[in-house]
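Working notes, structure below.
The values are calculated or read from the model by the stated rules, or taken from the named source; none is laboratory data. Not measured: the values here are computed from a predicted model. So basically every Cβ, Gly included, is an ideal-geometry build from the backbone, and we count neighbours across all protein chains shown. SASA here: full protein model, heavy atoms, side chains in, ligands and nucleic acids out. Shrake-Rupley method; radii C 1.70, N 1.55, O 1.52, S 1.80 Å.
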Amino acid sequence: FAIQDEISQAILEQLKAHLLEDGGQETVAATRTDSEAFDLYLLARQRMYERMQKPLESASELLDRVIEIDPSYAPAYAQRGIAALLLGDNSYGDIPVPQAESQARLFLEKALQLDPDLAEGWAGTGLYHYGRPGELAEGIEALEKALAINPNLVDASNWLNNAYVQANRPADARAILEDVVQRDPLYRPGFANLVFVYGLFGQLDKAIELVEKTRPFMATEPTMGLTDSIISYFKGDIADSLVYAEKSLAVQPNDRVYRIFYSAGLGGTGQNELLSTEGYRGWKVLGLTRLGRVEEASLLGADLAAEGDVLTWFRLLNVTDRSAELIDYLESRWDDLEGFETDFPPDGFFGHEVMIEIALAYRRAGNQERFGDAMARVRSAHDSLLDQGLSHPDFWVSEASYHALAGDFPKTLELLAAAIDGGYISSPRITDDLPVFSDLEGDPEYEAIQARMVEHLEAERAALGLDPATA
């Protein structure tokens with residue numbers, strides 16, 4: 001940090017001169033506060049740009065100093081609220097999410113109270129809302145407002161990309177990210193997110209080209225390990241994906257995205273003991289369930305559902321033949337599926353997975369009306385994703401699940417084969433993870449597809465020096 005401070009001070013002097021010449025957005029802010037406070041503010045922004053826990057913690061301290069110097073400086077409150085959210089234990093830090101959100105909300109409300117047209121304040125407000133159940137639309141509205149005020153706010157663009165994917169709009173997300181990366185190629189979140197979104201669209205050639213073009217400028221950074229992990233994952237090279245993610249996680253142990261891909265690697269190579277202890281949230285439940293530790297899995301799954309992860313809870317209930325509990329949970333909280341989908345809209349990552357679990361539960365219960373409603377919602381969401389060009393193995397599994405529930409077994413087998421041959425891996429017995437395919441067990445074509453999946457699983461385990469999973 002001492003070296004950074006020296007470099008940053010020189011940069012800040014040039015930056016201020018440039019902004020004053022150009023009449024830029026930050027110039028107005030600079031004229032409203034003490035010069036020392038503005039220098040500290042810019043230094044804090046630089047450290048936040050790194051998206052690592054220690055720099056984020058340092059940025060928070062710097063912003064606290066800015067606020068102490070000038071309690072009326074709205075941008076400092078906005079960035080302090082954003083820093084609090086980024087330091088939550090669902091992002092880059094270890095602050096419990098409820099505490100991080102409570103702290104952030106106070107700072108963001110203060111920022112907008114001081115300046116109702118502050119782009120940073122609306123961007124932070126959007127970040128606060130879009131990940132909370134039932135608040136996605138509110139988050140999108142705030143982020144779009146931030147960008148209407150300042151179209152060059154790359155953080156707001158990146159968060160709007162995330163929100164658009166969650167709103168079943170991955171094509172819009174990709175367009176945003178391509179613009180962000182073109183304007184700022186070394187903006188780490190935008191770069192990594194674009195690699196991931198290219199994976200969602202099956203555009204691995206573009207992802208690889210982007211990574212190799214960027215690598216000389218970030219060769220030693222954990223972000224490169226993440227993007228290598230992402231590409232390996234979408235190629236079906238799960239062992240390589242795990243190794244890359246593990247190395248990045250060793251540098252940033254509290255980074256949520258690194259832990260997600262590390263967890264995916266553990267799950268895809270059948271390392272269920274590690275998954276049950278080190279997996280990220282729902283992945284830990286999967287590991288416990290695979291090990292037969294259903295009571296532990298249920299306790300954790302119920303906690304996650306209370307925090308907004310109903311997919312993990314619903315999937316656990318279906319896997320453990322407790323679909324009636326799923327229906328009770330659903331109907332005690334929402335009057336109908338329209339209300340549920342308002343809080344948990346279909347996402348643009350892997351398909352409408354949560355509604356597939358609901359459809360399976362209603363089919364098991366013999367409730368044809370609710371089953372038909374759920375299936376129609378899945379079909380609508382998936383048709384939208386297909387129209388946008390989404391194409392990767394995890395989505396094909398969701399599509400196969402829909403057709404299995406619809407009784408179209410030839411289409412189910414075609415899609416499941418494409419997913420397995422594209423690198424998708426589950427438990428050696430697929431229905432242990434995905435009971436939606438139970439009606440196909442014993443079918444020769446299905447068993448052959450499953451055998452190919454097991455062969456791939458064992459090859460990935462062998463690459464890591466692990467014993468066969470089916471030994």
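List of remarks:
- The residues on offer are Ala78, Ala59, and the sole one that is under 22 Å from Leu160 (Cα atoms), assigned to a helix (DSSP H, G or I) and at pLDDT 95 or above is Ala78.
- Top-ranked residue in region 90-110 [being under 17 Å from Met48 (Cβ atoms) and either assigned to a helix (DSSP H, G or I) or at pLDDT 95 or above (or both); ranked as most open to solvent (accessible area, probe 1.4 Å)]: Gln103
- Any chance Gln113 is modelled with pLDDT of 95 or more, over 19 Å from Asp155 (Cβ atoms) and either part of a helix (DSSP H, G or I) or open to solvent by less than 40 Å² (accessible area, probe 1.4 Å) (or both): yes
- Tallying residues that are open to solvent by 30 Å² or more (accessible area, probe 1.4 Å) and not in a helix (DSSP H, G or I) within region 151-165 yields 2.
- Matching residues in region 196-232 - criterion: being part of a loop (DSSP other than H, G, I, E, B), closer than 22 Å to Arg256 by Cα and of a type in the set (Gly, Ala, Ser): Ala219
- Residue in region 166-195 that is farthest from Leu136 (Cα to Cα), counting only those that are in a helix (DSSP H, G or I), in contact (Cβ under 8 Å) with a residue 40 or more places away in the chain and not charged (D, E, K, R): Ala192
- Hits in region 227-246 - residues which are of a type in the set (Val, Ile, Thr) and either open to solvent by 20 Å² or more (accessible area, probe 1.4 Å) or in contact with a strand residue (DSSP E or B) (Cβ under 9 Å, 6 or more places away or on another chain) (or both): Val243
- Residues of region 26-55 classified as basic (Lys, Arg), under 28 Å from the mean Cα position of the chain (by Cα) and either outside any helix (DSSP H, G or I) or at pLDDT 95 or above (or both), total: 1
- The set of residues from region 434-471 being under 30 Å from Ile358 (Cβ atoms), touching a Ser or Thr at 6+ places or on another chain (Cβ under 8 Å) and crowded, with 19+ Cβ neighbours inside 10 Å comprises Leu434, Val436, Phe437, Leu440, Met453, Val454, Leu457.
- Across region 406-433, the qualifying residues are those that are under 27 Å from Leu242 (Cα atoms), polar (S, T, N, Q) and free of Cβ contacts under 8 Å to residues at least 60 places away in the same chain, and the one among them that is surrounded by the fewest Cβ atoms within 10 Å (Cβ to Cβ) is Thr431.
- Of everything in region 247-260 that is without any contact (Cβ under 8 Å) to a residue 40 or more places away in the chain and open to solvent by less than 20 Å² (accessible area, probe 1.4 Å), the residue that is nearest to Leu316 (Cα to Cα) is Tyr258.
- Test: Gly265 is buried (at least 19 other Cβ atoms within 10 Å of the Cβ), among the small types (Gly, Ala, Ser) and more than 21 Å from the chain's Cα centre (by Cα): no
- Residue count for region 284-296 under the criterion of being surrounded by fewer than 20 Cβ atoms within 10 Å (Cβ to Cβ) and in contact with a Ser or Thr (Cβ under 9 Å, 6 or more places away or on another chain): the result is 4.
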